[in-house]
Every structure is written in C-alpha cells, then in structure tokens.
Amino acid sequence: MSNNTQSKKESALIAENGPWAAVGEHPNAITNRFYTYERVQEIVAFIQNIVPAKPEVAIICGSGLGGLAELVVDKVVIPYADIPNFPRSTVAGHRSNLVFGILNGISVVCMQGRFHPYEGYTTAACAFPVRVMQMLGAHTLIVTCAAGGVNKSYRVGDIMLIKDHINFPSMAGNNPLIGHNDERFGKKIRPRFPPVGHAYDRQYASQMKQVAAKHNIELREGVYCALGGPCYETIAEINLLRVLGIDAVGMSIVHEVTLGAHCGLRMLGLALITNKCLFEYDSTIEAVHEDVIRISELKANELQQLILDFVGGIKTNKT
Ligand SMILES: O=P(O)(O)O[C@@H]1C[C@H](O)[C@@H](CO)O1
C-alpha cells in the first residue's frame with residue numbers, strides 16, 4: 001500500500017470515529033460502541049423472554065452481600081453465563097446471577113455480583129447492566145458495597161448511607177459515558193453532560209433514615225469514593241482521602257450511579273464498613289478480602305432488613 005493510500009485510509013477513519021481512531025480509542029468508547037442501544041435491547045429482549053414481569057427496583061449486591069437476593073420470593077434466577085454478551089463476575093463473594101422476583105411486595109431484579117474495573121472490564125462494561133435493568137422497567141436503583149472506613153469515628157460493621165461520592169476514575173478521564181452519547185437510554189432524551197450533583201435521591205435517603213430508626217440501627221451518612229483497585233490503599237493515600245473529607249473508600253458504585261443518573265433512575269446507596277483503613281505506619285492490621293467478605297456476611301442481616309423495609313415503603317407510597 002502506498003503511503004498516500006495509507007494516510008487517506010487513516011484520515012477517513014479519524015473523520016468517522018474521532019481523533020483516537022488512529023492510535024486506538026479510549027476503551028470506554030469501544031465498550032460503548034459494543035454495548036450499543038440495539039445490543040442492550042437484544043439483551044433486554046432475551047431476559048424478557050424468560051421473565052415477562054417488569055422489575056420496579058434494581059438492586060446491586062456488593063461483596064458478600066448477595067444473600068439479599070435469597071430473600072426474593074417467586075424467584076427466577078438467570079446466570080450471567082446464560083445471557084448473550086453479559087460479562088461474568090470473577091471476584092470471591094460475587095455470584096454471577098440476575099435474580100428476579102418479589103421482595104416485600106415489590107417486583108425486583110438483583111445483580112448477585114457486580115463487575116469491577118480491576119477485573120479488566122472498562123467502567124462502561126462494569127456499569128452497562130444498569131441500562132439493561134432500567135430498560136426492563138426499573139425506576140429505582142439501590143447500590144450496596146463493602147468499603148473501608150476512612151472516617152476515624154467509623155467502626156467495622158457500621159452501615160453508611162451514601163450522601164455523595166467522589167469518582168476518582170472519572171477525574172482521571174475514565175467515565176463510563178465516554179464515547180458516543182446515545183440519547184435513547186432512559187425515558188427522556190439523555191444529555192451529553194448529565195448532572196450528578198443530586199444522584200442520590202434525598203427523599204429516599206430520609207426514608208432510609210426512618211427505616212433505620214425504626215429498627216434501632218445506627219446509620220452513618222457520608223461521602224464514598226472509588227479508586228481503581230485492586231490494591232488496598234497506602235497509608236499516605238488514606239491520609240489524603242481523609243483530608244479531602246471522604247468517609248469511606250471502595251472500588252465500585254460510582255460508574256453504576258453515573259449511568260443510573262444518565263438514564264434517570266432514582267438512587268439509594270449503602271456502604272457496609274468492613275474494615276478500618278490504615279492511618280499509621282506502625283499499625284499492623286492490613287485489609288484482606290477474606291475479612292471483607294466475612295464482615296459483610298456477618299452484618300448482611302441488618303443491611304437486608306433495611307433494604308427489605310425500604311422497598312416495602314416504595315410499594316406503600318405508590319398505593
Ligand atoms: O463490590 P464491592 O464494592 O462491594 O467490593 C469491594 C471492593 C472490592 O471489590 C473488594 C475489596 O475487598 O470489596
């Protein structure tokens with residue numbers, strides 16, 4: 001091929017796909033092109049063939065928190081492996097199932113296992129199931145996760161209502177919305193620059209506080225931040241996060257909430273504090289994932305009680 005033909009081909013590619021085309025696009029742009037509106041619709045149609053009922057509430061279960069899905073009645077379980085083009089969760093404490101059914105009187109879909117960027121998935125691939133669940137009918141998304149306590153007053157086993165988040169991967173140019181903005185995701189036309197300042201629904205937050213008070217469960221409220229993982233943080237990093245006013249640190253949620261905001265979902269987030277973060281160089285305790293799962297499983301009942309009652313409240317408020 002002559003140099004001239006080669007450069008003409010490259011120019012055409014760049015004109016069609018943008019400046020990254022010649023050197024390789026940002027991976028999220030590629031994922032977004034893979035999980036097009038049409039492909040997401042195909043996945044939705046596949047699922048609707050198995051489960052015709054519309055879920056109203058979507059729940060993403062964090063590390064060791066998949067037990068919540070066991071409370072669902074009239075259950076239909078679809079393994080991720082059975083769904084065309086659906087990723088698999090590769091992390092201990094995350095099963096790979098979509099669980100449909102009724103939770104405290106309301107139709108739900110639970111993701112029993114999520115995807116994390118450190119598993120090798122782009123943030124767009126990690127979060128695209130949020131669009132699937134919205135297209136299946138969900139108007140509400142509940143995200144749960146395990147997190148390290150950065151706030152020094154937090155204890156292991158505390159539950160934190162997520163008031164807001166800091167999306168460090170996004171600040172570093174890794175947002176799941178990078179790539180083509182397909183305005184068809186969601187009920188209204190979805191904007192190129194969606195606001196996320198009120199991503200966590202204030203009314204839902206106050207309903208959750210009432211539920212916690214009713215059960216005598218102390219609820220913390222704070223700011224969650226996501227880092228890329230898979231390493232737990234250094235002592236210097238934790239001290240930096242603390243200076244920034246962050247209360248809990250994890251490796252998930254923020255990309256899911258970003259797509260949830262983009263497609264117009266009302267959202268609630270709960271983080272279970274599974275370990276205290278390291279602040280001092282002479283400290284001997286290190287975070288380990290086995291402990292994260294152990295604490296999650298130990299405290300799962302409380303979290304489940306909160307979600308069960310909260311979901312029941314959504315039903316009551318509708319009737
Ligand atoms: O899926 P979540 O955010 O609950 O999992 C947390 C973050 C890492 O995946 C893992 C670290 O122990 O737990």
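Read the figures in this text as sums done on the coordinates, not as results from a lab. Model, not experiment: these values are computed from the prediction. As a convention, Cβ positions derive from the backbone with ideal geometry for all residues, glycine included, and neighbour counts pool all protein chains shown.
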**Asked** Does the stretch 78-215 come out rounded, prolate or oblate, given a ≥ b ≥ c as the square roots of the eigenvalues of its C-alpha gyration tensor, rounded meaning a/c under 1.5 and, failing that, prolate meaning a/b above b/c?
**Response** rounded
**Message:** Using +1 at the C-beta of Lys and Arg and -1 at the C-beta of Asp and Glu, which of GLN134, CYS231, GLY148 has the Cα lying farthest in the positive direction of the dipole of the chain?
**Reply:** GLN134
**Asked** With the calculation restricted to Cα positions, what are the radius of gyration and Dmax of the stretch 225-319 in angstrom?
**Response** 16.5, 56
**Request:** With r as the distance between the Cβ atoms of ALA12 and ALA172 and R0 = 30 Å, compute the FRET efficiency 1/(1 + (r/R0)^6) and round to 0.05.
**Result:** 0.45
**Fill in**
The percentage of Cα-Cα pairs in the stretch 158-231 separated by more than 20 Å is 51
**Message:** Taking R0 as 51 Å, what FRET efficiency do you get between TYR37 and ASP291 from their Cβ-Cβ distance, rounded to the nearest 0.05?
**Reply:** 0.80
**Asked** Scaled to the compact-protein estimate 2.2 N^0.38 Å, what is the alpha-carbon radius of gyration of the stretch 132-171, rounded to two decimal places?
**Response** 1.59
**Prompt:** Which whole-Hz ³J(HN,Hα) couplings does the stretch 91-103 yield from phi under the Karplus relation 6.51 cos²θ - 1.76 cosθ + 1.60, θ = phi - 60°, glycine and proline marked x?
**Reply:** 9, 4, x, 10, 7, 10, 9, 9, 10, 9, x, 10, 10
**Item:** Computed lengthening from ASN85 to PHE46, 0.36 nm per intervening residue step minus Cα-Cα distance
**Value:** 12.9 nm
**Prompt:** When ranked by the protection proxy of mean other Cβ atoms within 10 Å per residue, highest first, what sequence do the peptides 209-218, 136-145 form?
**Reply:** 136-145, 209-218
**Request:** Note down, for the stretch 62-148, the three equivalent ellipsoid semi-axes (square root of 5 times each alpha carbon gyration tensor eigenvalue), biggest first, whole angstrom.
**Result:** 20, 15, 13
**Request:** Using a/c under 1.5 as the rounded threshold, could you call the stretch 29-99 rounded, prolate or oblate? The axes a ≥ b ≥ c are square roots of the C-alpha gyration tensor eigenvalues, and prolate needs a/b larger than b/c, oblate otherwise.
**Result:** oblate
**Item:** Sites matching GluC sites (Glu not before Pro) across the stretch 276-317 that sit in DSSP coil, with at most 14 neighbouring C-beta atoms within 10 Å
**Value:** GLU280, GLU286
**the chain - share of DSSP beta bridges that are antiparallel (%, nearest 5)** = 35
**Request:** In square nanometres and to one decimal, what's the mean projected area of the convex hull around the Cα atoms of the chain?
**Result:** 18.5
**Prompt:** How long is the gain from LYS188 to LEU240 if the chain were fully straight, where each residue apart is worth 0.36 nm and the alpha carbon distance is subtracted?
**Reply:** 14.8 nm
